[in-house]
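For reference, the structure is listed below as structure tokens.
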Amino acid sequence: MIPQEFIQSLLGRVDIVDVVDRYVKLKKAGANFSACCPFHNEKTPSFTVSPTKQFYHCFGCGAHGNAIGFLMEYSGLAYPEAIRSLAETVGMAVPETSSRPVHGASAPAPGLAARMMDALSYYRAELKKSKAAIEYLKGRGLSGEIAARYGLGYAPDGWQNLEEVFTDYGTASLKDTGLVIDSEPDDSHPERKSRRYDRFRNRVMFPILDARGNVIGFGGRVIGAGEPKYLNSPETPLFEKGRELYGLYQARRAIRDANQVIVVEGYMDVVALAQHGVENAVATLGTATTPVHVAKLLKLADNVVFCFDGDAAGRKAAWRALEVSLPVLSDGKVVSFLFLPPEDDPDTFVRRQGKEAFASALLAAKPLSQFLFSELAGHADMASEEGRARFLAEAKPLLAQIEAPALSAMLRRRLAEIAKLTPEEIDRLLPAPARESRSPRTPARVVRHAISAPDRQLLALLLARPGLVGSIPDEVLDGPGTDAGALRAAVEFFRQEPGRTLGQASAYFEGSEHQAAIVDALAEPLLKQAESPDFDYGSEANGLVEKMGEERRARRATELLRLMEAGEATPEQKAEFQAHHARLATAKSGNPAPEGRSKL
């Protein structure tokens, strides 16, 4: 573990403008620097680097981060390697400490990210000891280099091997990693208490990494007989299957270079393809493709190829991928489908026929439009009017989801040809859907917050202008919810040391319980308005503080009213309630509050 104090000091020493400019030629653009984004294809620069925030952000694909994050995204470095690389440029030696407590000393439990890294180190060390696991991987054609690149490991047989890794093996907090399971108690035998044991046993382990190279989960492939063949980590605070893709961290550079990403179904498919030189493949994590998966991939490349088995299960998975792709498609993006022979999956195909044969197969992948219409036509009698009517009925809700104007128009024209109707007749039968005003570069995505809350907006302003911390009173930091908790943490962080930047804050909250709220705040639409030279950060922040104060007073008044109605209010609480109503009456009359009385 690299101490957080060192990371903060490092980010205070390096200049993100110099770091990015080594790889991407930047041009001065007002107070910031800009360039075409290195993480997706574009002709008009939307990638900006702020020297005051020490942060980069792309308004096209949403990529953002500090100097460490840029090196990880651009160069494919793991988090520790990116820190070491930066430290070398400014002549700083990187200290490291163990995340495990010293024997006999009391130490706080490490965070989830550190625990997962400890587990990975253990599994990798165990792989070196296991002849059976090594022979299994060799039998699948994998080299030691590829095994190391993907961090493969081995969970030995046995029920509680992780006890030697975690001194707090029996605590409730370890369960949040998903590495252990508590058995259900036996109600018929109360003496039989719940028992904790390792989730992964006798399995080759595939670590699942997030975009920054942090271990967030594992997939385990059983060696020999056993069910299930593949076992994944459960949903945890770090790991959400519907948002993550296996191998994406390792594949980013190859995806960018090829402008193409191949989506397969299994971990071994990804690793086997990489072994044979096809390095731009990723896999879903034991779940069906989601809109978030597709939106994420379309930000990275213009071409997405879903490569599934040619059997019924493979075609069903492909159809699901097609359905979730329709709403996030934009003109200029291509989604296609490659079906291998029924006896093959990508792993067996590339091992048997090689990289060239797989590349040739990719060229023959079916475009989404062809797959869509061939599947629908295959379920109807296209020789009869009734069959073509059924075909139209099934096509209608699918085409209605497409918001890419040019693609939608061409698919409707093709639909008319297949159904033997004129374009005008199609327009009458299938009215064009109303389009949302959305940038074509911004695909639809799952939005965590439908309405911007004041605490999230204030958090966004604080991250963009840390100097605002002095104008945020403690009284507004006691609100409920995730955003309020992150706001409190951010205020404490910036108060500790004046002059800290957004880049340092992003490193500090990496892997913490507040990371998701911080990321959401950085996507807050208010920050887009803040780009205007007329935007007044101070006035906007003061308005939000006042609004949050009003909400706080309203919550308190509701609580006091509840106590009074229940007959539980103390004389002090009754007096507080009366004072609250007096303030409301004063505010409505337009007269100022009595001298010395706090507005909050």
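Laboratory data are not the source of any read-out in this text; all were calculated from the coordinates shown. As the structure is a computational prediction, the values presented were derived from the model and not from experiment. All Cβ positions, glycine included, derive from the backbone under ideal geometry; neighbour counts span all protein chains shown.
For the reader, a short list of remarks on this structure follows.
- The range 300-316 - phi-based ³J(HN,Hα) in whole Hz, Karplus 6.51/-1.76/1.60, Gly and Pro as x: 8, 8, 7, 10, 10, 10, 8, 10, 10, 4, x, 7, 4, 5, x, 5, 5
- Computed over the chain, relative contact order equals 10 percent, with contacts defined as Cα pairs under 8 Å that lie 6+ residues apart.
- Order of F494, F70 - criterion: other Cβ atoms within 10 Å of each residue's Cβ, fewest first: F494, F70
- Placing R0 at 41 angstrom, the Cβ-Cβ distance between T422 and A312 gives a FRET efficiency of 0.70 after rounding to 0.05.
- Global form of the range 283-428, assessed from the alpha-carbon gyration tensor, a/c cut-off 1.5: prolate
- Interchain or long-range residues, amide H under 5 Å from R196's placed H: S183
- The spread of Cα positions in the range 173-300, taken along each principal axis and listed from longest to shortest, comes to 61, 31, 23 Å.
- Residue-wise HN-Hα coupling along the range 521-528, computed from phi with Karplus coefficients 6.51, -1.76, 1.60 (Hz; x: Gly, Pro): 5, 5, 9, 4, x, 4, 5, 5
- Helix-only mean residue ellipticity at 222 nm for the chain, each DSSP H run of n ≥ 4 adding -39500 (n - 2.57), per residue, nearest 500: -14000 deg cm²/dmol
- Amide proton proximity set for F218, modelled H, under 5 Å, gap of 5+: I208, S233
- Cysteine residues of the chain whose Cβ has no partner cysteine Cβ closer than 4.7 Å: C36, C61, C307.
- Per-residue Cβ neighbour rank within 10 angstrom, fewest leading, E126, E88, E279: E88, E126, E279
- A full extension of the chain between A357 and H379 corresponds to an added length of 4.8 nm, given 0.36 nm per residue minus the alpha carbon distance.
- Candidates per GluC sites (Glu not before Pro) in the range 479-575, loop by DSSP, up to 15 other Cβ within 10 Å: E513, E531, E568
- With both labels modelled 7 Å from their Cα along Cα-to-Cβ, the R320 to T570 distance reads 5.6 nm.
- Among the trypsin sites (Lys or Arg not before Pro) in the range 221-288, those located in a DSSP loop and surrounded by at most 14 other Cβ atoms within 10 Å of their own Cβ are K229.
- For the range 202-309, chymotrypsin sites (Phe, Trp or Tyr not before Pro) are listed when DSSP marks them as loop and at most 15 other Cβ atoms sit within 10 Å of their Cβ; the list is empty.
- Ranking P571, Q529, A517 by Cα position along the charge dipole of the range 454-589, where only Lys, Arg, Asp and Glu carry charges on their C-beta atoms, puts P571 farthest toward the positive end.
- Evaluating 6.51 cos²θ - 1.76 cosθ + 1.60 at θ = phi - 60° for every residue in the range 247-260, the Karplus couplings come out as x, 5, 4, 6, 8, 4, 5, 5, 4, 5, 5, 8, 6, 8 Hz, glycine and proline recorded as x.
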